[in-house]
1. Looking only at the stretch 126-133, decide whether some residue is modelled with pLDDT under 95, under 30 Å from Thr260 (Cβ atoms) and within 22 Å of the chain's Cα centre (by Cα).
2. Output the number of residues of the stretch 41-71 satisfying the condition of being in contact (Cβ under 8 Å) with a residue 40 or more places away in the chain and over 25 Å from Glu145 (Cβ atoms).
3. Within the stretch 125-137, can you find the residues that are closer than 15 Å to Ile78 by Cβ and either out of contact with any strand residue (DSSP E or B) (no Cβ under 7 Å at 6 or more places or on another chain) or of a type in the set (A, V, I, L, M, F, W, C) (or both)?
4. So, in the stretch 53-75, how many residues would count as being among the hydroxyl-bearing types (Ser, Thr, Tyr) and either surrounded by fewer than 17 Cβ atoms within 10 Å (Cβ to Cβ) or more than 16 Å from Leu34 (Cβ to Cβ) (or both)?
5. Within the stretch 27-53, how many residues turn out to be over 18 Å from Ile63 (Cβ atoms) and among the small types (Gly, Ala, Ser)?
6. Just wondering, is there one or more residues in the stretch 39-52 that are crowded, with 20+ Cβ neighbours inside 10 Å, of a type in the set (S, T, N, Q) and touching a Leu at 6+ places or on another chain (Cβ under 9 Å)?
7. Looking at the stretch 67-119 only, could you name the residues that are in a helix (DSSP H, G or I), over 17 Å from the mean Cα position of the chain (by Cα) and over 27 Å from Asp303 (Cβ atoms)?
8. If you take the residues in the stretch 196-220 that are surrounded by 20 or more Cβ atoms within 10 Å (Cβ to Cβ) and not aliphatic (A, V, I, L, M), which one is farthest from Ala251 (Cα to Cα)?
Amino acid sequence: MFEKSFITDCEGPLTLNDNAFELCAHFIENGDELFKILSLYDDYLADVVKKEGYKVGNTLKFILPFFVLENLKNNDLIDFSKNNIYAIRDSKFLLKYLMGAMNTYIVSTSYGQYIEALSNYMEFPFENTFYTNVDVDALHLTDEELSKMAEYKIKILDNPEDYELFDEIFFNEIPKMDIYEKIKEIDVVGGFGKKLAIDTIIERDNVDINNLLYIGDSITDVEALDFARKNNGISISFNGNEYPLKVAELAIVSPSAVATAVIADIYTNYDKAKVLQFIDDYNSQDDLNKLFLDYNISKEINDKFFDVFDDKNYPIIKIVDDKNYDKILKESVDMRNNIRGEDIGGLG
């Protein structure tokens, strides 16, 4: 057991995927558009309406009846996930380093089928992951309900901004179906769900809440990032959109996870104050080779960093404030869209 804990979101900091979006795009006709519409609705309920008791990330529940409409099974999710993992450069290197340096966890909104496939790919212990647990095989619709879901799909696609219609479908009509009893039991690990996962980790490892690093990239990470920051931990937005960047203290904009490894290495060996001092020095000194030596960055990380980032095309690593927020946001979203694609990069 280590003194400090590193907790990371999966999609964004570790992989280029949005597995649920990709499942919809692959298995459902016009499923990519359906998912994007429902993802915006999810953001609306969480960020604008602030619906009582609502957990951001419920897009993963909204789309389940449409999976049943297409007769998807667990094996479909498993096989697709195994064959469609697209990792952030050096994320496997990062996890391998972290497992020898800190208590390391992946806390993800993604379905468990994808996280298990990802854990196998990354050679990361599946027991150190948190995810949305869904048994698709247990979900059923009657013939009449299948016809209704087909109609709802058309209505949603034809009226992408009619949130009153969506309220009627997801909070009035679907709850009348037997499938709703299964869906409402699903605990989506997003938003406050990620903060609850952190509570479990802290209790499990019996670590000080001040010795925590959390890294995320989307609206589902806001509560976890806020918790880390308020408890004097390290909170990092990695190629994040506006949601995590508003609450994270630090921002990394990078095509490679080795930039995260640099910060993790300093935090492992020193403390938060040293991390903040490093970032100040990183942005004010020209000789990064000397800087890395001064901060005793491990040789493995040092070599990897300068192998990836040659010709001084270094990643952005900054402390976020009101003055630089807009500039960092633009650079972060540009990187996000560039490496993940605009369809996935544009999701909340």
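1. So far as the stretch 126-133 goes, no, none of its residues is modelled with pLDDT under 95, under 30 Å from Thr260 (Cβ atoms) and within 22 Å of the chain's Cα centre (by Cα).
2. 5
3. Phe126, Asn133, Val134, Asp135, Val136, Asp137
4. Final tally of qualifying residues: 1.
5. The number of residues fulfilling the criteria is 1.
6. Taking every residue of the stretch 39-52 in turn, at least one turns out to be crowded, with 20+ Cβ neighbours inside 10 Å, of a type in the set (S, T, N, Q) and touching a Leu at 6+ places or on another chain (Cβ under 9 Å).
7. Once the filter is applied, which keeps residues that are in a helix (DSSP H, G or I), over 17 Å from the mean Cα position of the chain (by Cα) and over 27 Å from Asp303 (Cβ atoms), the stretch 67-119 yields Phe67, Val68, Leu69, Asn74, Asn75, Asp76, Leu77, Ile78, Asp79, Phe80, Lys82.
8. Ranking the candidates gives Asn211 first.
The values are calculated or read from the model by the stated rules, or taken from the named source; none is laboratory data. Just so it is clear, the model here is predicted, and its values are computed rather than measured. A quick note on method: Cβ atoms are made from the backbone with ideal geometry, for glycine too, and the neighbour counts reach across all protein chains shown.
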